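One structure below.
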Amino acid sequence: MKKYSLLSLASTGFSKRNWPQAWGSRPLQDAYDVVIVGGGGHGLATAYYLRKNHGIRKVAVLEKGWIGGGNTGRNTTVVRSNYLFAESTQFYEHSVKLYEGLARELNYNIMFSQRGMLTLAHSRHDLDAQRRWANAMRLHGVDSDLLDRSQVSQLAPALDCSPQARLPVLGGFIQRRAGTVRHDAVAWGYARAADALGVDIIQNCEVTGFEVGADGVQALKTNRGTIKAGKVGLAVAGHSTMMADMLGFRLPITSYPLQAFVSEPLKPVLDTVVLSPASGLYVSQSDKGELVVGGGLDLYASYAQRGNLATVEQVLRGLVTLFPSFSRLRMMRQWAGIVDVVHDSTPVLGRSPVPNVYLNCGWGTGGFKAIPGGGWCFAHTIAKDEPHPLTAAFGLDRFARGALIDETAASGIAH
Amino acid sequence: MLLLNCPHCGPRNETEFNCGGESHVIRPSLDCSDVGWANYLFFHHNPKGVNLERWRHTFGCGRWFNVARDTISHNITAIYSMSEPRPDTSNGCVGAEVLS
Ligand SMILES: Cc1cc2nc3c(=O)[nH]c(=O)nc-3n(C[C@H](O)[C@H](O)[C@H](O)COP(=O)(O)OP(=O)(O)OC[C@H]3O[C@@H](n4cnc5c(N)ncnc54)[C@H](O)[C@@H]3O)c2cc1C
Ligand SMILES: [Zn+2]
């Protein structure tokens, strides 16, 4: 791997040639110690940490399309750790901390912009709930500040903070270390660093079945032949149920489309992420000037990566209600990703019912922020065959034990 | 957008309805194991293809009914009452014609 530095970028940039390939296309082997299914952020980060932290020698990532072509490349890139319960806060905070050092770690500019995330309070109840939420975060050592209306208005002047607004802004709270990260760069950065350590990243390779023996999966069937594996990690987000069906067990997952929208670019107008749970909207402004807008899940389960008109209307209604001056903006793009929703909005990370198969799923609407932490803990789980302390509570067994972590703050938006 | 044919009111816009999730999930006896109870509550089918699901005409007559809907094309191939048995989905579809 050629190291990126100011000097190397300047010299290659001026000569306009010899741009090194970021990662190579290696040949597919017939057997691996660990095969990761799914080349999204979680799969790639897991492969990287399997080599880096645990020294596992032969690791492959199999991706049916192109890396980062799933939800990792479709999300609205908000990274934060403003959760309510101890289990979630500690895990997501670990992930945010890894993000803070990730550009250096991977020698790849992931453009983490810690511009803060502001959650609005529109009612007395919101104010009370936020006080509890922000204080819970502080007790776990995560930064949070409660704000009154004038502080909110100063942070986001485009917001309609007038008393006669349909959703009056009474206050809010901010996690200042939250922000946005360039999503493709996370996939590419992990891919490049994992490749440099010897991980095989195989694109256009779809897993279509498994050969299961007495001690678990022996091989994976793919459109490129059969591949033997010592252990298998599944990180396929909204398609996790397809994997479980092939392996003969069930998951507590429902797959829904989640949509996002991007406006035409405009001059700098919003330099923080704004979330309004009451209106079902969150919005930030990209470095190119576009507004990046998201909201809640579509209304019913679906694998159609299109998105539903009722949700479009709901989200954009929220946008123009809170920011009347955005009402004449044109939306340039709309898309959906299929997300893996679990009843308690907490991921499933740990062993599966098949002995050498491990699960990384259930991230639902919020797993981009979890990529470094998820990869870190999933690699530990696979390498050691035991959960990482930070994700010990996220196992599939929690449903029968009644130990759900009903993380209301997981999406920030009521679903 | 779906046009759902409520058995009581006729075709209406999907925004008048709520989807209540998978149909024909049978509640085990109350002395079942914790695993059995978790399966009943949480571990459902989530198919890519025909799904049999319950819908309610919440902002209309309030009635519950069953729908066979493809989760990729969103085609609805059957609408039937809550008390009717599970239709055969073995050939990947339900009913002959597309209702909406
Ligand atoms: C519109 C939208 C907005 C979002 N906004 C945010 C946000 O602001 N902040 C946040 O934290 N999270 C957000 N999320 C959630 C986040 O994007 C996901 O939780 C996260 O990207 C999941 O990463 P992953 O690696 O698990 O899945 P993915 O990136 O989806 O990767 C899974 C991969 O598995 C591959 N695959 C599937 N089946 C097979 C097979 N049979 N064989 C081989 N490969 C297969 C897929 O092609 C895919 O590339 C958003 C999601 C969406 C859709
Ligand atoms: Zn009706």
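Since every read-out is calculated from the coordinates, none of them should be taken as a lab result. Quick caveat: nothing in here was measured; it's all calculated off a predicted structure. All Cβ positions, even for glycine, are placed from backbone atoms using ideal geometry, and neighbour counts span all protein chains on display.
Neighbour counts of C-beta atoms inside 10 Å place A:THR208, A:THR77 in the sequence A:THR208, A:THR77, starting with the fewest. Computed from the C-beta positions of A:SER150 and A:MET331, the FRET efficiency with R₀ = 22 Å rounds to 0.10. In this simple spin-label model, placing a label point 7 Å from the Cα along the Cα-to-Cβ direction at both A:ASP30 and B:ARG63 gives a separation of 6.2 nm.
A Förster radius of 45 Å, combined with the Cβ-Cβ distance separating A:ARG17 from A:ASN223, puts the computed FRET efficiency at roughly 0.80. Residues within the reach of a label modelled at B:HIS8 (point 7 angstrom out along Cα to beta-carbon, backbone nitrogen below 15 Å), restricted to segment B:39-77, are B:55-66.
The trypsin sites (Lys or Arg not before Pro) of segment A:34-89 that DSSP puts in a loop, and whose beta carbon has at most 13 other beta carbons within 10 Å, are A:ARG57. The string of couplings for segment B:66-80 from the Karplus curve (6.51, -1.76, 1.60, θ = phi - 60°) is 9, 9, 9, 10, 7, 7, 9, 8, 6, 5, 9, 10, 7, 10, 8 Hz, one whole number per residue in order, with x for Gly and Pro. Using a cut-off of 26 Å between Cα atoms, the listed pairs A:LYS221/B:LYS48; A:LYS2/A:LYS52; A:LYS16/A:LYS267 include A:LYS16/A:LYS267 as exceeding that distance. As a proxy for reagent exposure, A:TYR303, A:TYR48 were ordered by neighbouring Cβ count within 10 angstrom, fewest first; the result is A:TYR303, A:TYR48.
Taking R0 as 30 Å, what's the FRET efficiency between A:LEU127 and B:MET1 from their Cβ-Cβ distance, rounded to 0.05? If you can, show how the numbers build up before the last one.
Details: r = 37 Å, r/R0 = 1.23.
The value I calculate is 0.20.
Taking every alpha-carbon pair under 8 Å whose residues sit at least 6 apart, segment A:37-106 reaches a relative contact order of 27 percent. Computed from backbone phi, the HN-Hα couplings of segment A:86-97 come to 4, 4, 5, 4, 5, 5, 5, 5, 4, 5, 4, 5 Hz, rounded to whole numbers (Karplus: 6.51 cos²θ - 1.76 cosθ + 1.60, θ = phi - 60°; Gly and Pro given as x).
Once backbone amide H atoms are built at 1.01 Å from N, A:ILE253 has B:HIS44 as its partners under 5 Å, excluding neighbours fewer than 5 places away on the same chain. For A:LEU266, put the label point 7 Å out on the Cα→Cβ axis and report which residues of segment A:278-303 keep their amide N under 20 Å from it. Zone members listed by number: A:279-295. Taking chain A as a Gaussian network, Cα atoms linked when under 10 Å apart, which of A:SER88, A:SER11, A:SER284 shows the biggest mean-square fluctuation? Maximum fluctuation in the GNM of chain A, among the listed residues, is at A:SER11. For the peptide A:292-303, the mean number of other protein chain Cβ atoms found within 10 angstrom of a residue's Cβ is 4.
For chain A, relative contact order (Cα pairs under 8 Å, six or more residues apart, normalised by length) works out to 22 percent.
Hey, fewest Cβ within 10 Å first, where do A:TYR99, A:TYR190 land in order? Please list the in-between numbers first.
Numbers: A:TYR99 24, A:TYR190 36.
Going from least to most buried by this count: A:TYR99, A:TYR190.
Using a Gaussian network model of chain A in which every pair of alpha carbons under 10 angstrom is joined by a spring, one finds that among A:SER286, A:SER113, A:SER15 the greatest mean-square fluctuation is at A:SER15.
Computed about its Cα centre, the charge dipole of chain B is approximately 160 debye, with only Lys, Arg, Asp and Glu carrying charge at their Cβ. Charge dipole of the protein assembly as shown (Cα centre as origin; +1 on each Lys and Arg Cβ, -1 on each Asp and Glu Cβ, all else neutral): 1400 debye, rounded to the nearest 20.
Relative contact order for segment A:266-415: 21 percent, from Cα pairs under 8 Å spaced at least 6 residues apart, divided by residue count.
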